[in-house]
Each structure stands twice: as structure tokens, then as C-alpha cells.
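The values are calculated or read from the model by the stated rules, or taken from the named source; none is laboratory data. What you see is a predicted model; the values in this text were computed from it and never measured. Note that each Cβ is placed from the backbone with ideal geometry, even for glycine, and that neighbours are counted across all protein chains shown. Protein only, heavy atoms only, side chains kept; ligands, DNA and RNA dropped before computing areas. Shrake-Rupley method; radii C 1.70, N 1.55, O 1.52, S 1.80 Å.
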Protein chains: 2
Amino acid sequence: MFSPDSLQPRMMLVNRFSCTLKNQSVKIGHCSKVPRNVNMEKLQHGYLFPEIERHELLHLKKYPNANVIDLGIGDTTKPLPTIVTSRMVDFVRGLSTAEGYKGYGPEQGEKALRKAIAAEIYKNLDIKPSEVFVSDGAQCDISRLQAYIDSSVIIGHAGKFVDRIGKYENIEYMTCGPQTDFFPDLHTISRPQLIFFCSPNNPTGHAATRKQLQQLVDFAKVNGSIIIYDSAYSAYITDNSPKSIFEIPGAREVAIEVSSFSKLAGFTGVRLGWTVVPEELLYSNGFPVLHDFNRIVCTCFNGASSISQAGGLACLSPEGLNAVQSLVDYYMENARILVNALTSLGLTVYGGKNAPYVWVRFPGSKSWDVFAGILENTHIITIPGSGFGPGGEGYIRISAFGQRDSILEASERLKYLLYQEKL
Amino acid sequence: MFSPDSLQPRMMLVNRFSCTLKNQSVKIGHCSKVPRNVNMEKLQHGYLFPEIERHELLHLKKYPNANVIDLGIGDTTKPLPTIVTSRMVDFVRGLSTAEGYKGYGPEQGEKALRKAIAAEIYKNLDIKPSEVFVSDGAQCDISRLQAYIDSSVIIGHAGKFVDRIGKYENIEYMTCGPQTDFFPDLHTISRPQLIFFCSPNNPTGHAATRKQLQQLVDFAKVNGSIIIYDSAYSAYITDNSPKSIFEIPGAREVAIEVSSFSKLAGFTGVRLGWTVVPEELLYSNGFPVLHDFNRIVCTCFNGASSISQAGGLACLSPEGLNAVQSLVDYYMENARILVNALTSLGLTVYGGKNAPYVWVRFPGSKSWDVFAGILENTHIITIPGSGFGPGGEGYIRISAFGQRDSILEASERLKYLLYQEKL
């Protein structure tokens with residue numbers, strides 16, 4: 001999407017992940033003369049989620065009868081609302097009739113869905129349907145925007161990985177801890193080209209305030225940067241924090257917003273998301289970013305599944321919006337239960353108010369030690385904060401995307417353990 | 001996927017397309033300091049399908065009551081078999097139950113589907129399920145492999161566009177006409193890194209013979225090239241031409257195969273495809289291409305829709321395979337009707353035997369003139385052969401993916417016109 005030669009994104013707040021595999025080199029076939037992309041070699045091996053899975057398997061080997069509760073990877077668990085599935089069922093049934101069959105749709109998404117996203121998600125924000133691009137999920141669009149760390153590495157933008165500090169040299173990692181109200185100190189940063197910002201944040205669960213986001217937009221405008229704003233968890237905001245970067249004056253000139261039905265409506269497996277590129281956002285030569293993004297989408301993508309799009313449209317109907325709000329409320333009640341259990345023990349707990357993640361501080365401890373201790377003693381899978389980057393050391397993340405029974409049981413086990421051990 | 005610096009793919013047989021938009025530059029917003037990717041400017045503007053659409057709209061303006069028959073873009077028109085939709089309906093219904101709900105699946109696709117593709121599509125070819133990657137369609141994987149012309153342009157591999165000859169300088173366009181039995185003369189080619197080969201071919205409808213494909217595999221092996229083999233139309237092969245490159249000895253060491261349920265089962269809107277990367281295929285340094293492709297898929301993609309995957313699995317059941325074969329037979333009967341009509345007029349007609357495309361020669365004529373003449377006189381949309389590349393001049397492509405009524409009506413109109421005019 002952006003220039004492979006001239007682009008050096010020096011600042012990125014990357015809080016999303018992708019999986020990996022063991023990078024073992026084996027020779028069992030025929031060597032072509034095609035060189036390997038040297039950038040692939042710079043990708044870091046020990047990827048977080050497979051590592052967590054490895055620990056889980058080892059644990060199950062040790063305790064084959066353990067009732068393990070997985071509050072690690074944030075995967076949705078609640079069934080889809082029947083209003084949504086019944087519309088998808090109708091659509092699928094239609095596909096086997098002459099009247100209902102549909103082949104290729106527009107790469108940018110069905111008009112009705114683009115219109116519904118503009119009207120319902122961006123109510124009163126003057127987003128045009130033509131600025132909305134329907135995707136098969138936020139991860140895919142973030143990758144098409146080259147805003148993942150790993151995508152940047154592959155394309156050669158990230159620079160060398162510096163083992164000593166655990167960072168790539170062309171990426172600026174912004175520590176957003178409680179001391180700065182989970183917002184970067186923008187005065188210390190040299191001019192970035194792309195700013196990746198995720199709010200409500202995964203893993204900290206913090207939703208940026210209006211004031212913070214205004215600072216970010218102003219910073220981007222002064223520096224000529226483009227913000228890639230990941231709002232995948234915006235439906236979980238319960239206070240008056242902005243649900244979209246486009247609530248901030250000036251954002252249309254500096255920001256792209258990437259979002260998803262995954263956490264909004266439990267579509268993690270159904271695959272549906274969207275990206276908003278405002279007309280006012282221009283490259284340095286005055287050319288609209290929107291036009292190039294459209295071209296990229298049309299070249300690299302052939303549209304989201306028509307069935308998923310029918311489901312997305314159902315989510316945005318009045319009954320659909322009510323139904324998905326119930327899902328969100330359910331997970332947020334889970335989060336409240338977890339927050340209450342942990343604070344009752346005197347722990348410092350962040351998140352859980354505007355996001356389904358609880359971010360727990362264990363001062364003086366290493367994240368992986370806390371993770372291991374909790375797993376060993378309670379059979380609960382969490383995520384060590386340091387796995388999200390150097391700034392997460394001393395924290396663990398607990399996902400509230402579980403069934404209520406598991407959340408209650410997990411709270412009891414954690415209370416018991418932490419009360420006993422003051423871990 | 002491949003190295004952005006060192007890769008110069010000098011030979012590509014590109015017979016697939018992606019859409020585009022008008023590249024108009026407007027200044028209505030704020031210029032960031034992010035430079036535009038200069039490669040985007042090299043993309044050619046007048047893209048084929050929008051251009052065809054423009055002609056169709058003009059035609060409808062001129063003849064508002066015309067019964068236009070669209071045999072242009074090869075989009076499927078027949079409803080999906082009920083065996084396939086009923087499985088998808090069951091799956092979708094399950095998503096609103098506690099037992100049937102599923103969130104994230106593996107990025108590489110559901111195990112059962114990978115296994116079924118290996119077992120049914122590659123029967124007796126020893127493809128392992130772990131070598132099969134489920135995608136949301138062939139176009140997306142071809143783009144992830146950077147084997148589209150436009151993807152190569154965007155990433156900076158294609159070189160300059162030379163107006164005089166209508167070609168990019170780093171891409172070798174192989175003319176595959178009837179004089180060489182629709183196969184390139186491999187002796188005239190300098191060593192390519194990537195060879196993109198589509199068989200049965202779109203647009204010519206020619207399926208490469210076993211002997212031709214053996215030549216191609218041997219050529220790739222000697223030159224250290226990697227073949228990206230697009231077999232999206234293989235289900236349409238009716239003679240004993242290979243349905244997969246992996247029927248050719250040695251192919252596992254030099255080829256990747258990209259394919260799709262789109263034309264196999266009418267999944268153009270449902271979105272489902274796959275790519276096979278054999279373990280034996282290695283980069284020049286001995287590292288398996290499979291491992292990097294896995295990493296790319298995990299980084300840039302989050303798996304095909306679980307609903308589409310349930311549909312794909314149904315297609316590969318014994319009843320599903322019978323049902324999709326009926327779809328293929330229907331379109332191939334359409335092709336036979338078109339071929340018979342056109343040959344009865346003394347025209348030279350290729351394709352239509354192993355592919356649902358008919359490739360008709362109009363010696364001495366320009367493709368766009370023939371296209372315009374047919375549209376004006378019969379209200380039938382075709383595709384001018386020159387739109388697929390310089391080698392297609394003097395041809396038009398007719399798609400057989402229509403409803404039978406339209407195909408019969410179109411045949412009558414064409415017979416009448418061509419008999420009258422000997423166009």
C-alpha cells in the first residue's frame with residue numbers, strides 16, 4: 001500500500017498478533033534458484049499464542065484430568081443471535097434457487113452493507129458509504145495496510161531486530177502504562193509516517209479519552225503522519241470515550257479506521273470487517289489515499305463472503321443491534337466479575353470497563369512467572385503481559401470472552417489462590 | 001512472499017484480472033507527508049472489465065429496451081446444489097447454539113477440509129493435508145504469492161510500463177496461439193524466477209497436454225524457476241489432459257498450485273479456494289517455501305469463513321461431488337452449443353472442450369471492433385481478446401457461464417448476424 005522504498009514507519013503501537021510456525025530449515029527437495037525473501041529471516045520465532053498453547057499441552061500432560069479454563073486468546077464463545085443466523089440461513093437457502101443465487105459481488109462490499117455501516121456505526125459522523133470498504137476481518141486489512149509488525153518486517157520496512165532490547169530498529173514502541181494514563185508521551189517521538197493505534201486497547205483494556213485522541217490527531221497533522229486506528233473493540237465502550245477516531249475534529253484528514261464484526265457480533269469464524277478511508281486523506285503529492293486503497297482491495301481481494309455480508313447486514317438492523325448489544329453486555333458482565341474478584345484481593349487492575357480485557361499488575365514479578373504460577377495452581381490460562389511487548393512486563397491479561405460458568409469458577413479459583421499465596 | 005529486492009520475475013503468463021478505478025488526482029483535503037507508493041502510478045488505468053461495463057451502459061442508453069445477454073465476465077449463474085446449501089444451513093444454525101458455535105479456526109483452514117481436498121481433488125497424487133492451505137479464493141492467494149501483474153507492479157517488481165509495446169519491462173508475456181498449440185516456445189525465454197501458468201486457460205480455453213506440462217516442469221527445474229499453476233478450471237477438463245500440475249513427475253520440486261471452488265462449485269460469491277505448496281519446493285538456500293507461505297498466510301489472513309468451509313466440505317462428499325459435476329456438465333453443454341453455432345458458420349473456434357470459455361478468431365479484425373459489432377447488432381456482451389494482452393488481438397472470448405435459455409438465444413442471434421454479415 002505504501003511505498004516500499006521511502007516508507008520508514010518509526011512509530012507503531014502494535015497490539016495485534018498473528019500466528020507463526022517453527023522456522024526449521026530442512027532440505028528434502030529441490031533447491032530452486034529463487035532466493036528466499038531475506039526479510040522473512042528477521043521474523044521472530046517464539047510467537048506468543050503457539051507458546052501459550054505449548055504450555056497448555058504440557059500442563060494437560062502433567063494434569064490429564066484438570067478442568068482447564070482458557071482465558072487466554074480472546075476468542076468469542078457465545079452463540080450468534082438467531083436474528084443474525086436466520087438471515088444468513090435465508091440467504092444460503094436463496095443460493096440454491098434461481099432467484100436468490102448470487103455470484104461475484106463488488107470487491108468493496110455490498111452497497112447495502114457499506115451504507116448500513118456508514119449509517120449505524122458512524123451515525124452523525126458523515127462517513128460516506130463510498131469511504132467504507134468491507135473486508136474479511138481487521139487482520140487482513142491491517143496487513144493490506146502493512147501496519148502489522150510482521151507485515152512490515154516481511155516487506156523490509158522494520159529494519160533489524162535488536163536482540164538486546166527486543167525491538168525492530170525502525171519501529172518505535174510506545175510504552176503506554178498507567179503512569180501516562182495509557183497514552184504515549186508524544187513529545188519524545190521523532191516524526192513517524194504511520195501511527196498504529198488500537199483503542200479500546202488490546203491488551204490493556206484502556207479506551208483513549210477524547211482529549212488524548214485530539215492530541216494524537218493534532219500530532220499526526222503537524223507531523224504529516226497517517227494514523228491507522230484499530231477500533232475493533234469500540235462496541236465495548238461504556239463511558240463517553242470516543243467509539244471512533246472520526247469523532248475527533250480533524251481526524252478525516254489524518255486517519256484510517258479499521259474495524260470488525262468479530263468482537264462486535266461474535267464473527268471471529270464468520271470473517272467480516274471494514275475499513276474507513278476518508279476522502280480528505282492525501283499522500284504528500286495530493287493524491288487521495290482512498291483511491292490507492294480501492295485499487296489495492298480490488299487487486300488483492302475479491303470481496304468478503306456474500307453469506308457473511310448478509311449476516312453483517314442483519315447485525316446492523318434494529319433488532320440485530322439490540323441482539324449484539326446483549327452479547328457485548330454479557331462479556332462486559334464477565335469483565336466486571338473478574339475485576340471485582342481481583343480488586344477484592346488488593347490487586348491493581350486496569351481495563352474491564354471499556355473492553356473485555358482485564359490487565360492485572362503484579363509489581364516486581366515477571367509476567368511469565370505469574371502466568372506459570374496461575375496455570376500450575378488454578379488450571380487457568382492467561383496471557384503474560386510481556387508477550388505483547390516490553391511495556392507489558394509485570395502484567396497479565398485475562399480475557400472476559402468466556403462462558404459465565406467458567407468466569408465465575410475462574411474468579412473463585414483466583415481468589416482462593418491469591419488469597420492463599422499473595423502471589 | 002518473495003524477496004522485494006532480488007526478485008525480478010521476467011516471465012509471467014498472466015490470464016487473470018482484478019478491477020481498478022479511475023486514477024484521478026483531486027485535492028480536497030490535507031496532504032500528509034507520507035509519499036505515495038510510486039509503483040501505484042505505474043498501474044495501467046483502462047482496466048478491461050470496467051471498460052466493458054462502460055460500453056454496456058452506453059449501449060443500454062442507446063437501446064433502453066434491449067434484452068442484453070452478458071457472456072462477458074465469467075461469473076457463475078446456476079444455483080448451488082441443495083446438498084451444499086443444506087450443509088451450510090445446518091452449520092449456520094449451529095452457530096446460534098452452544099454446541100455448534102465456533103470462533104476462530106486455523107488460518108490454514110479446517111483440518112477436515114484440507115484432508116478432503118488432498119483426498120478428493122488430488123486422489124492418488126500423494127498431496128498431504130499439511131501441504132494444502134485453504135483460502136478465500138484463488139485471486140487472494142495469487143496476490144499473496146505476488147503473481148498478478150498488478151501485485152508485481154505495486155511491489156515494484158514489474159519495471160516500467162512501455163507504452164509502445166503495451167508491456168511491463170520485467171515481465172515476459174508469452175504468446176500462446178494456435179500456431180504453437182497454445183504453449184509458449186520455451187527456447188526463446190531467458191531464465192525466469194516465477195512462471196505463472198493457467199490451465200485450462202482463461203481466456204483461450206486450452207488445457208495444456210501432459211507433454212506440454214512435462215516440458216514446463218523440466219524447464220523450471222533446469223532454470224531453477226518456480227511455477228505458479230492456476231488450475232481454477234480443472235474440473236472442466238473432459239479429455240485426459242492433466243487436472244493438476246502434480247500429475248507431472250518432478251512437479252513437486254518446482255510448482256505451487258492455486259485453485260478454487262468458484263468455478264468448480266459456483267462459489268464466486270461464497271469465496272473459497274486453496275493453494276498446494278509441496279514440501280520438496282525449496283528456495284535457493286534450501287529453506288522450504290511451504291514454511292514461508294504458512295507464515296504469510298498466518299500473518300496476512302485469518303482463515304476463510306467457517307461457513308464457506310462447511311460448504312466446501314459438502315462439495316467434496318460423494319453426493320456433493322456428483323452435484324457439482326452436474327453444474328460443470330451444464331456449463332460445458334452451454335459451451336458445446338456455442339461452439340457448434342460458431343463453427344457452423346465457418347469460424348475458427350478454440351476452447352469450449354476443456355473449459356467453459358470459447359475463443360473465436362476473426363482474422364484481420366480488431367478485437368474491440370468485433371466486440372462493438374456484436375454488441376450493436378445482437379445485444380450480446382463478449383470480451384475482446386486484446387483486453388487479455390497483445391496476443392489476444394483478433395479474438396473474442398465468449399463465456400459459457402450463462403443460463404441455457406440465454407445461451408440458446410445468443411447462439412441464434414450470433415448465427416443470424418454472422419450469416420448476414422460474415423463479420
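Considering each of B:175, B:209, B:238 in turn, give the residue that is without any contact (Cβ under 8 Å) to a residue 60 or more places away in the chain, surrounded by fewer than 22 Cβ atoms within 10 Å (Cβ to Cβ) and polar (S, T, N, Q). Walk me through how you get there before you give the answer.
Numbers: B:175 fails: without any contact (Cβ under 8 Å) to a residue 60 or more places away in the chain; B:238 fails: without any contact (Cβ under 8 Å) to a residue 60 or more places away in the chain.
Within the list B:175, B:209, B:238, the selection yields B:209.
Inspect the stretch B:326-343 for any residue being within 14 Å of chain A (Cβ to nearest Cβ) and of a type in the set (A, V, I, L, M, F, W, C) and give the result as yes or no. Looking for residues that are within 14 Å of chain A (Cβ to nearest Cβ) and of a type in the set (A, V, I, L, M, F, W, C), one finds at least one in the stretch B:326-343, hence yes. Taking the residues in the stretch B:320-366 that are within 21 Å of the chain's Cα centre (by Cα), of a type in the set (Ser, Thr, Tyr) and under 23 Å from residue B:52 (Cβ atoms) as candidates, determine which candidate is most open to solvent (accessible area, probe 1.4 Å). Here the residue is B:350. The set of residues in the stretch B:34-71 being of a type in the set (S, T, N, Q), outside any loop (DSSP other than H, G, I, E, B) and at pLDDT 95 or above is empty. Residues that are in a loop (DSSP other than H, G, I, E, B) and open to solvent by 10 Å² or more (accessible area, probe 1.4 Å) within the stretch A:137-158 comprise A:146, A:156, listed in sequence order. Scanning the stretch B:283-293 for residues that are over 21 Å from the mean Cα position of the chain (by Cα) and closer than 17 Å to residue B:143 by Cβ turns up B:289, B:292. Within the stretch A:340-355, is even one residue of a type in the set (Gly, Ala, Ser), part of a helix (DSSP H, G or I) and closer than 26 Å to residue B:97 by Cα? No: zero hits.
Given the criteria part of a loop (DSSP other than H, G, I, E, B), closer than 27 Å to residue B:294 by Cβ and either at pLDDT 95 or above or at the interface with chain B (Cβ under 10 Å from one of its Cβ atoms) (or both), does residue A:24 qualify? Answer is yes for this residue.
Across the stretch B:28-68, the number of residues qualifying as under 30 Å from residue A:251 (Cβ atoms) and either of a type in the set (A, V, I, L, M, F, W, C) or open to solvent by 80 Å² or more (accessible area, probe 1.4 Å) (or both) comes to 8.
Would you confirm whether any residue within the stretch B:253-275 is surrounded by fewer than 21 Cβ atoms within 10 Å (Cβ to Cβ) and modelled with pLDDT of 95 or more? Yes, that holds for at least one residue. For the stretch B:85-104, taking the residues that are among the charged types (D, E, K, R) and at the interface with another protein chain (Cβ under 8 Å from one of its Cβ atoms), the one that is farthest from residue B:323 (Cα to Cα) is identified as B:102. Does the stretch B:391-402 include one or more residues that are modelled with pLDDT under 95 and part of a helix (DSSP H, G or I)? Looking through the stretch B:391-402, at least one residue is modelled with pLDDT under 95 and part of a helix (DSSP H, G or I).
Okay, residues lined up against (1) part of a loop (DSSP other than H, G, I, E, B); (2) touching a Cys at 6+ places or on another chain (Cβ under 7 Å); (3) farther than 29 Å from residue A:144 by Cα; (4) in the same structural domain as residue A:276 (by TED's automatic domain parsing):
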position: A:77; (1), (2), (3), (4): yes, no, no, no
position: A:90; (1), (2), (3), (4): no, no, yes, yes
position: A:94; (1), (2), (3), (4): no, no, yes, yes
position: A:97; (1), (2), (3), (4): yes, no, yes, yes
position: A:100; (1), (2), (3), (4): yes, no, yes, yes
position: A:109; (1), (2), (3), (4): yes, no, no, yes
position: A:116; (1), (2), (3), (4): no, no, no, yes
position: A:119; (1), (2), (3), (4): no, no, no, yes
position: A:124; (1), (2), (3), (4): yes, no, no, yes
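Residues that are more than 7 Å from chain B (Cβ to nearest Cβ), of a type in the set (A, V, I, L, M, F, W, C) and touching a Pro at 6+ places or on another chain (Cβ under 7 Å) do occur in the stretch A:247-254, at least one of them. State whether one or more residues within the stretch A:161-171 are open to solvent by 50 Å² or more (accessible area, probe 1.4 Å), within 14 Å of chain B (Cβ to nearest Cβ) and over 30 Å from residue B:405 (Cα atoms). No - not one qualifying residue is present in the stretch A:161-171. Within the stretch A:273-324, restricting attention to residues that are in a strand (DSSP E or B) and within 11 Å of chain B (Cβ to nearest Cβ), which residue is farthest from residue B:85 (Cα to Cα)? Taking the candidates together, the pick is A:282.
Look at residue B:132 and say whether it is open to solvent by less than 30 Å² (accessible area, probe 1.4 Å), out of contact with any Gly (no Cβ under 9 Å at 6 or more places or on another chain) and at negative phi.
On the way: open to solvent by less than 30 Å² (accessible area, probe 1.4 Å): yes; out of contact with any Gly (no Cβ under 9 Å at 6 or more places or on another chain): no; at negative phi: yes.
So residue B:132 fails the test.
Residue check: residue A:107 meets all listed conditions (1) within 22 Å of residue A:320 (Cα to Cα); (2) touching a strand residue (DSSP E or B) at 6+ places or on another chain (Cβ under 9 Å); (3) open to solvent by 10 Å² or more (accessible area, probe 1.4 Å); (4) within 9 Å of another protein chain (Cβ to nearest Cβ) but one, namely (1). Here residue A:122 meets the list (1) crowded, with 17+ Cβ neighbours inside 10 Å; (2) within 13 Å of chain B (Cβ to nearest Cβ) almost entirely, failing just condition (2).
Among the residues of the stretch B:39-67, what is the count of those that are outside the structural domain of residue B:335 (by TED's automatic domain parsing) and more than 17 Å from residue B:387 (Cα to Cα)? Qualifying residue count for the region: 4. All conditions in (1) surrounded by 16 or more Cβ atoms within 10 Å (Cβ to Cβ); (2) of a type outside the set (A, V, I, L, M); (3) touching a residue at least 60 places away in the same chain (Cβ under 8 Å); (4) out of contact with any Asp or Glu (no Cβ under 9 Å at 6 or more places or on another chain) hold for residue B:196, with the sole exception of (4). Got at least one residue in the stretch A:75-84 being touching a residue at least 40 places away in the same chain (Cβ under 8 Å), at the interface with chain B (Cβ under 9 Å from one of its Cβ atoms), aliphatic (A, V, I, L, M) and open to solvent by 50 Å² or more (accessible area, probe 1.4 Å)? The answer is no, given that none of the residues of the stretch A:75-84 is touching a residue at least 40 places away in the same chain (Cβ under 8 Å), at the interface with chain B (Cβ under 9 Å from one of its Cβ atoms), aliphatic (A, V, I, L, M) and open to solvent by 50 Å² or more (accessible area, probe 1.4 Å).
Hey, could you check the stretch B:381-417 for residues that are over 19 Å from the mean Cα position of the chain (by Cα) and under 20 Å from residue B:178 (Cβ atoms) and say which is surrounded by the fewest Cβ atoms within 10 Å (Cβ to Cβ)? Here the answer is B:393.
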